[in-house]
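The values are calculated or read from the model by the stated rules, or taken from the named source; none is laboratory data. Quick caveat, the model's predicted, so the values are computed rather than measured. When we count neighbours, we look across all protein chains shown, and the Cβ atoms used for this are built from the backbone with ideal geometry, even at glycine. Ligands, DNA and RNA are stripped out before the accessible areas are found, and what is left, the full protein with its side chains, is counted by its heavy atoms. Shrake-Rupley method; radii C 1.70, N 1.55, O 1.52, S 1.80 Å.
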Amino acid sequence: MLDYRVTTFLAVCDTMNFTKAAQRLNITQPAVSQHIRYLEEAYHTHLFLYQNKQLTLTKAGLLLRHRFTAMENDERALTSELNSLSEGLEEIAMGVTMTIGEYAILTPLARLLRHHPRLNLRLHFGNTAELLRQIDTGRIQIALVEGFYPKERYVHRRFGEESFIGVCASRHQFRSDPPQSFADLLSERLLVREKGSGTREILARSLALSGMKISDFRHFLEIGNMHSILSLLQEDGGISFLYRIAAEKGLQNGSLTEIPLPGFPIRHDFDFLWEKNSIYQEKYQALCTELSSYR
């Protein structure tokens, strides 16, 4: 069990305010100050700086925050493990992005559960940014993401690679046919995922290489659901950029077609990731390796 002063330290890290941390923990502000001072004396270093009425973490404070957060999340996982031990069960929480969750992971998951009938799995859906926050807060132990993320902050293992393509309805008519660049598409209505989505981030980075951004498209429709994007594409409601695996059915039956844009398709990894320094490192590694083998 973590020392109560660690809980205080993490509360201050979250709020960056001693008063708000005290309110959250239902203790006095002097008690918060005492707890922080105890940790600073124990580790012989300053954890916070107060400058221009702004509280910030020192390098030592940042390091300690990462380590204590990993320990706190492991403690939650350990509590769950102990609660399931008497029944011989195992439980894990995994987060997946929308595209992966709907089109890439279900068959491997089904095979995994057939081989491990006493495994209980909590599957969370969210965009890449949301899943990273859930790992950081201990809500999930493993995430499977399609977008970019700070690789130095997480242990990661490749699940697979997919093609990222431009897609439109087969009957769609371009003003410049075929389009030769992103510039030829700016008058089209772009169907795009919400901010924080890995799919959107990949498109944004591809546009940036041409000196452009998503807002350069004259018309757009922002949607947080891949099924809705695919339905709109089939109704010729716009164009989109997404993973081939999501559009595969429409491409095969002829209702959708790939936009023949130079530089595409782009190959991009789907990655498992989990918190660094976790005591469950070997367990997470084994689970992800097995899931990858079922693709």
#### Entry: DSSP-loop trypsin sites (Lys or Arg not before Pro) across the stretch 71-151, with at most 13 other Cβ within 10 angstrom
R118
### Convex hull volume per residue in cubic angstrom - Cα atoms of the stretch 225-290
137
### Task
Return the carbon/sulfur percentage of the accessible area of the chain, one whole number, probe 1.4 Å, all protein chains in place.
50
### Query
Going by alpha carbons, how many degrees (0 to 90, nearest 10) lie between the helix axis of 281-293 and the longest principal axis of the chain?
20
### Summary
GNM of the chain, Cα pairs under 10 angstrom: of H156, H124, H219, the biggest fluctuation goes to H219
### Task
Note the angle between two axes, namely the Cα long axis of helix 106-115 and the longest principal axis of the Cα atoms of the chain, as a number of degrees from 0 to 90, rounded to the nearest 10.
50
### Query
Rounded to two decimals, what is Rg over Rh for the stretch 128-245 when you use alpha-carbon atoms and the Kirkwood radius?
1.01
### Residue-normalised accessible area of the stretch 246-295, expressed per residue, 1.4 Å probe, Å²
49
#### Entry: Hits among aspartates and glutamates - C-alpha to C-alpha of K249 under 17 Å, sequence gap 8 or more where chains match
E102, E162, E235, D236, E258
#### Entry: Cα-Cα P(r), the stretch 100-185, percent of pairs per 5 Å interval
2, 9, 16, 17, 15, 11, 10, 8, 6, 3, 1, 0
#### Entry: Most positive-pole-ward Cα, S255, L291, I266, against dipole of the stretch 243-295 from beta carbon charges
S255
### Message
I'd like the distance between the alpha-carbon centres of the stretch 220-282 and the stretch 18-72, rounded to an integer number of Å.
### Response
42
### Query
Roughly speaking, what is the stretch gain from F148 to L121, that is 0.36 nm per residue apart minus the C-alpha to C-alpha distance, in nm to one decimal?
7.2 nm
### Query
Between Q34 and R76, what length in nm is gained on full extension when 0.36 nm per residue of separation is reduced by their alpha carbon distance?
12.5 nm
### Task
Provide, for q = 0.14, 0.15, 0.17, 0.33 Å⁻¹, the log10 of I(q)/I(0) from a solvent-free Debye sum over equal Cα point scatterers in the stretch 135-180.
-0.60, -0.63, -0.69, -1.36
### Query
About its Cα centre, how strong a charge dipole does the chain have in debye, to the nearest 20, once Lys and Arg get +1 and Asp and Glu get -1 at the Cβ?
440
### Message
At 7 Å along Cα-to-Cβ for each site, give me the label-to-label distance between L63 and K213 in nm.
### Response
3.7
### Task
Wrap a convex hull around the Cα atoms of the stretch 20-96, take a quarter of its surface area, and give that in square nanometres.
8.2
### Query
Between E222 and S181, how many nm apart are label points set 7 Å from Cα along the C-beta direction?
2.7
## Note on the structure
When the chain is treated as a Gaussian network with springs between alpha carbons less than 10 Å apart, the largest mean-square fluctuation among D14, D269, D216 is found at D14
### Message
Just want to confirm a number: the relative contact order over the chain, from Cα pairs under 8 angstrom separated by 6+ residues, in percent.
### Response
21
### Query
Cross-link partners among lysines for K276, C-alpha distance below 27 Å, same-chain residues fewer than 8 apart left out?
K59, K151, K195
### Task
At 1.4 Å probe size, with every protein chain present, just tell me what the per residue accessible area of the stretch 61-157 comes to in Å².
50
### Task
Enter the per residue convex hull volume of the chain, computed from alpha-carbon coordinates, in Å³ rounded to the nearest integer.
165
### Query
How high is the relative contact order of the stretch 24-148, given as a whole-number percent (alpha carbon pairs under 8 Å, six or more residues apart)?
23
### Query
Using the Kirkwood formula over every pair of different C-alpha atoms, what hydrodynamic radius in Å results for the stretch 185-295?
16.2
